[in-house]
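Student: Below is the structure I would like to discuss, written out as structure tokens.
The values are calculated or read from the model by the stated rules, or taken from the named source; none is laboratory data. All values reported here derive from a predicted model rather than from experimental measurement. Neighbour counts run over all protein chains shown; Cβ positions are idealised from the backbone, glycine included.
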Amino acid sequence: MTPLPRLMISAAHKSSGKTVVSAGLARAMSKDAPIGTFKKGPDYIDPLWLATASGGTCYNLDFNTMGGDELTALFASRASAEINLVEANKGLFDGVAEDGSDSNAALAKLLKIPVILVIDTVGMTRGIAPLLLGYSTFDPNVEIAGVILNRTGGPRHEGKMRRAVETYTDLPVLGAIRRSADMNIAERHLGLITPAENPETQSWLDLVAELVSEQVDLPAIRDVARSAAPLSSAPHPAQPDKPVNLRIGIARDAAFGFYYADDLEAMENAGATLVPIDMTRDTSLPKIDGLFIGGGFPETQMAALEANTDMRHALKEALINGLPTYAECGGLMYLCRSITYQGRHAAMVGFFDADTEMLPKPFGRGYARFHRNPNHPWGPSTDEMQAHEFHYARVINSTETSFCRSLSRGYGTDGKQDGMHKANTLAGFIHLRNSSASPWVGDFLKFVQSKK
């Protein structure tokens, strides 16, 4: 049993400002002591902001791909900071399962995390009381330790809110953050932009941290984290068999950056050396045995990707010659002939005989279920595998016929299948997460080793 000081920042509903508040808290508290950060659910952008804010690594906690013991083990093994902050997704009791078994509340109970609710107070006064009473009594096993009033309108509005909370509930008000254009700028940042894409990231985080420090009781926040009960955990799942001297290229730049931290750590723990590659600036591939191109926003960087013809040609040649490669979502788009976005068209690698186009709304979104077909380069699967997808892009003008994933849930490439396969390259819209039920890292590394 270990103490693991920890807290969860949640809300009544999505778009309450909890990511901005979480980033501000992480940045502010990290000035005094290391802060560990975690994000509930399959998400890439929020963890990038939390990691940047804290100066550390952010890990995802997702019921979709991990069971309770595995989630607990992952959290306990990574929650080594003096304070560990978990940001929820959507509302506290929201989730896919109707019984709430995959909700933020379920995670809070599993990991014995006290919860702080961030309440968007726009258009609200006394009505905050029944809202909080409902959240406090809906599940008595969830410990709601306090509330942060967000986007208050001024001293009078804040006073009404505080009096309502203090009169009708037992929850302490741990802070009240005024509506501010300086805080609103994050909505543009957190919409479809990663920290790496914006030169103002560090200065904006410092400003948010300053505003949060002035308006939130940071010592009380730390006390909430330290009040968490000790947590026991099962042993962490075994790592893949150690391969010999593998160098795995990882596309890391403004276009590609969607990676789960513990997946990359699993590669390193298995013996692989990770070699970062900038597809927008590097003109050739380094010496590598395999390549992983994750998701990201290649459409916003497509001019730079197209202009780097040396890399596009070098990569296409390497793939044709059999470089073992795995690409997800944005990586798939890059390996096709072209990307069309907002009326603009840019040439990409052209390894797959297909084009991609961006649509105004998500084309594939949510949890995915699939089987690996007999032609899957890493081997077929007996059991159904779990993953997720979130893409505005679709494949068009394709003459590719070799797919190695059959979907039972999700859209993938065409609503029924995903995972285009050519030579030693696998590319699809689905995002994998390494877990005991889906040990893709070990499978991929074994495949790379077999082609060495």
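Student: Among the candidates Thr325, Thr309, which residue alone is among the hydroxyl-bearing types (Ser, Thr, Tyr) and free of Cβ contacts under 8 Å to residues at least 12 places away in the same chain?
Tutor: So the residue among Thr325, Thr309 that is among the hydroxyl-bearing types (Ser, Thr, Tyr) and free of Cβ contacts under 8 Å to residues at least 12 places away in the same chain is Thr309.
Student: Pick out, from the range 1-69, the strands (runs of 3 or more DSSP E) lying fully within it that include 2 or more residues that are touching a residue at least 60 places away in the same chain (Cβ under 8 Å).
Tutor: Once the strands (runs of 3 or more DSSP E) in the range 1-69 are filtered for at least 2 residues that are touching a residue at least 60 places away in the same chain (Cβ under 8 Å), what remains is 6-11, 58-61.
Student: Under 7 Å by Cβ, and 6 or more places apart or on different chains, what pairs join a residue from the range 137-166 that is in the same structural domain as Val118 (by TED's automatic domain parsing) with one that is part of a helix (DSSP H, G or I) and of a type in the set (Ser, Thr, Tyr)?
Tutor: Listed pairs, sorted by first residue: Ile144/Tyr135; Ile144/Ser136.
For (1) acidic (Asp, Glu); (2) within 23 Å of Tyr59 (Cα to Cα); (3) surrounded by 17 or more Cβ atoms within 10 Å (Cβ to Cβ), each residue gets a yes or a no:
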| residue | (1), (2), (3) |
| --- | --- |
| Asp383 | yes, no, no |
| Val395 | no, no, yes |
| Asp414 | yes, no, no |
| Asn434 | no, yes, yes |
| Trp440 | no, yes, yes |
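Student: Which of the residues belonging to the range 44-59 are surrounded by fewer than 21 Cβ atoms within 10 Å (Cβ to Cβ) and not hydrophobic (A, V, I, L, M, F, W, C)?
Tutor: Result: Tyr44, Thr52, Gly55, Gly56, Thr57.
Student: Sort through Ala209, Ala176 and tell me the only one that's buried (at least 18 other Cβ atoms within 10 Å of the Cβ) and either at pLDDT below 95 or assigned to a helix (DSSP H, G or I) (or both).
Tutor: Matching residue, one of Ala209, Ala176: Ala209.
Student: Now for a separate question. Being more than 14 Å from the chain's Cα centre (by Cα), more than 17 Å from Thr325 (Cβ to Cβ) and acidic (Asp, Glu) is the filter here; which residues of the range 254-302 pass it?
Tutor: Scanning the range 254-302 gives Glu265, Glu268, Glu299.
Student: Could I ask something else about it? Examine the range 62-84 for a residue that is out of contact with any Lys or Arg (no Cβ under 6 Å at 6 or more places or on another chain) and within 25 Å of Glu200 (Cβ to Cβ), and state whether such a residue exists.
Tutor: Checked the range 62-84: no residue is out of contact with any Lys or Arg (no Cβ under 6 Å at 6 or more places or on another chain) and within 25 Å of Glu200 (Cβ to Cβ).
Student: Could you check how many residues of the range 428-451 are in contact with a Phe, Trp or Tyr (Cβ under 7 Å, 6 or more places away or on another chain) and assigned to a helix (DSSP H, G or I)?
Tutor: Total meeting the criteria: 3.
Student: From the list Ala73, Ala81, Ala88, Ala51, which residue is in the same structural domain as Lys18 (by TED's automatic domain parsing), over 30 Å from Asp182 (Cα atoms) and not charged (D, E, K, R)?
Tutor: Ala73
Student: Same structure again: Restricting attention to the range 315-330, and to residues there that are in contact with a Leu (Cβ under 9 Å, 6 or more places away or on another chain) and either among the small types (Gly, Ala, Ser) or crowded, with 22+ Cβ neighbours inside 10 Å (or both), which single residue is farthest from Leu285 (Cα to Cα)?
Tutor: Glu328
Student: Now a separate question. Would the range 121-141 turn up any residue that is acidic (Asp, Glu) and in a loop (DSSP other than H, G, I, E, B)?
Tutor: Yes; the residues of the range 121-141 include at least one that is acidic (Asp, Glu) and in a loop (DSSP other than H, G, I, E, B).
Student: Scan the range 426-436 and tell me whether some residue there is out of contact with any Asp or Glu (no Cβ under 8 Å at 6 or more places or on another chain) and either of a type in the set (A, V, I, L, M) or modelled with pLDDT of 95 or more (or both).
Tutor: yes
Student: For the range 76-121, how many residues are in contact with a strand residue (DSSP E or B) (Cβ under 7 Å, 6 or more places away or on another chain) and among the aromatic types (Phe, Trp, Tyr)?
Tutor: Start the filter on the range 76-121 by keeping residues that are in contact with a strand residue (DSSP E or B) (Cβ under 7 Å, 6 or more places away or on another chain), which leaves 76, 78-81, 83-89, 91-92, 96, 104, 107-108, 111-121.
If we keep only those that are among the aromatic types (Phe, Trp, Tyr) as well, we get none.
The number of residues fulfilling the criteria is 0.
Student: Select, from Val20, Val86, the only residue that is under 17 Å from the mean Cα position of the chain (by Cα) and at pLDDT below 95.
Tutor: Val20
Student: Residue under question is Leu285, and the condition is that it be outside any helix (DSSP H, G or I) and touching a residue at least 40 places away in the same chain (Cβ under 8 Å); does it hold?
Tutor: Here the answer is no, as Leu285 does not meet what is asked.
Student: Okay, next question. Go through (1) surrounded by fewer than 19 Cβ atoms within 10 Å (Cβ to Cβ); (2) assigned to a loop (DSSP other than H, G, I, E, B); (3) in contact (Cβ under 8 Å) with a residue 24 or more places away in the chain; (4) not small (Gly, Ala, Ser) for Asp99 and report which single condition fails.
Tutor: (3)
Student: Part of a loop (DSSP other than H, G, I, E, B) and basic (Lys, Arg): does that describe Lys112?
Tutor: The answer is yes for Lys112.
Student: While we're here: Tally time: how many residues in the range 115-145 are surrounded by fewer than 21 Cβ atoms within 10 Å (Cβ to Cβ) and closer than 17 Å to Leu25 by Cβ?
Tutor: Within the range 115-145, residues that are surrounded by fewer than 21 Cβ atoms within 10 Å (Cβ to Cβ) and closer than 17 Å to Leu25 by Cβ number 1.
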